[in-house]
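Right, one structure below, let's go through it.
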Amino acid sequence: MSQRILDIAPQERTAEQNEIFERLTAGRGRILTPYRVWIHSPRVAAPMEQLGTYLNKHSSLSYLEVEMIILVVAVHWQADYVVHAHVREGKKAGLEQDILNNLCAGEIPRLENSHERAVYEFASSVIQGRRLSDKKFAALESELKRQGIADLLVLIGYYTSVALAMKVHDVPLPD
């Protein structure tokens with residue numbers, strides 16, 4: 001693991017950090033790497049955990065769409081650890097190999113499903129800093145609805161934080 005990741009020994013954790021640590025490890029038995037960064041600021045770690053759980057399990061976006069956008073974000077930030085982890089998840093979610101290849105190369109994937117295409121187009125525009133015309137926004141809103149737009153914007157922000165945390169802390173690819 002990266003030498004930049006600094007784990008806090010149990011006896012050195014604050015009561016707030018212990019509470020968050022217990023919550024983070026309760027379901028998985030371990031603390032995921034981004035939370036090993038964020039737990040140093042417990043008031044960041046707690047809401048990030050709630051947000052991450054919502055985005056990955058309860059948002060208006062499908063598992064496949066979430067994984068697709070995580071890859072778009074991770075590739076944009078050149079966060080290799082996140083790309084590696086989410087190629088695996090993307091396969092589980094049902095992303096076809098050619099789509100995964102396109103996403104990892106930063107190329108536009110060929111998406112047959114109109115909702116998936118709208119998710120990709122919206123996220124890609126946002127990540128690249130392109131301004132959407134009113135006409136394009138209206139078309140995307142018609143497909144994604146306001147909740148989809150809100151969920152997508154927060155997904156981009158959340159996984160930008162994940163990607164940057166892994167990149168800044170120089171987390172190596174797993175063996």
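Bear in mind that the values in this text are calculations on the coordinates, not laboratory data. Keep in mind that what you see is a predicted model, and the values were worked out from it rather than measured. Methodologically, a virtual Cβ is constructed for each residue, glycine included, from the backbone with ideal geometry; neighbour enumeration extends over all protein chains shown.
Annotation for region 107-147: trypsin sites (Lys or Arg not before Pro) lying in DSSP loop with at most 11 further Cβ atoms inside 10 Å of their Cβ are R110, R130, R131.
For region 119-157, the set of GluC sites (Glu not before Pro) satisfying both a DSSP loop assignment and a count of at most 12 other C-beta atoms within 10 Å is empty. Sparse packing (at most 15 other Cβ atoms within 10 Å of the Cβ) combined with a DSSP loop state is found for the following trypsin sites (Lys or Arg not before Pro) in region 1-92: R4, R28, R30. Listed values for region 25-38 are Karplus-derived 3J(HN,Hα) couplings in whole Hz (6.51 cos²θ - 1.76 cosθ + 1.60, θ = phi - 60°), namely 9, 4, x, 10, x, 8, 9, 5, 3, x, 6, 5, 7, 6, and x replaces Gly and Pro. Rounded to the nearest Hz, the phi-derived 3J(HN,Hα) couplings of region 158-163 under the Karplus curve 6.51 cos²θ - 1.76 cosθ + 1.60 (θ = phi - 60°) are 4, 6, 5, 4, 4, 4, where x marks glycine and proline. Remark: relative contact order (the chain) = 32 percent; criterion is Cα-Cα distance under 8 angstrom and separation of 6 or more residues. 3J(HN,Hα) along region 142-157, derived from phi through the Karplus expression 6.51 cos²θ - 1.76 cosθ + 1.60 where θ = phi - 60°, amounts to 4, 7, 8, 6, 5, 5, x, 5, 4, 4, 5, 4, 6, 4, 4, x Hz, with x in place of Gly and Pro. Could you work out the percent of alpha carbon pairs in the chain separated by over 26 Å, rounded to a whole number? Cα-Cα pairs in the chain separated by more than 26 Å: 32 percent.
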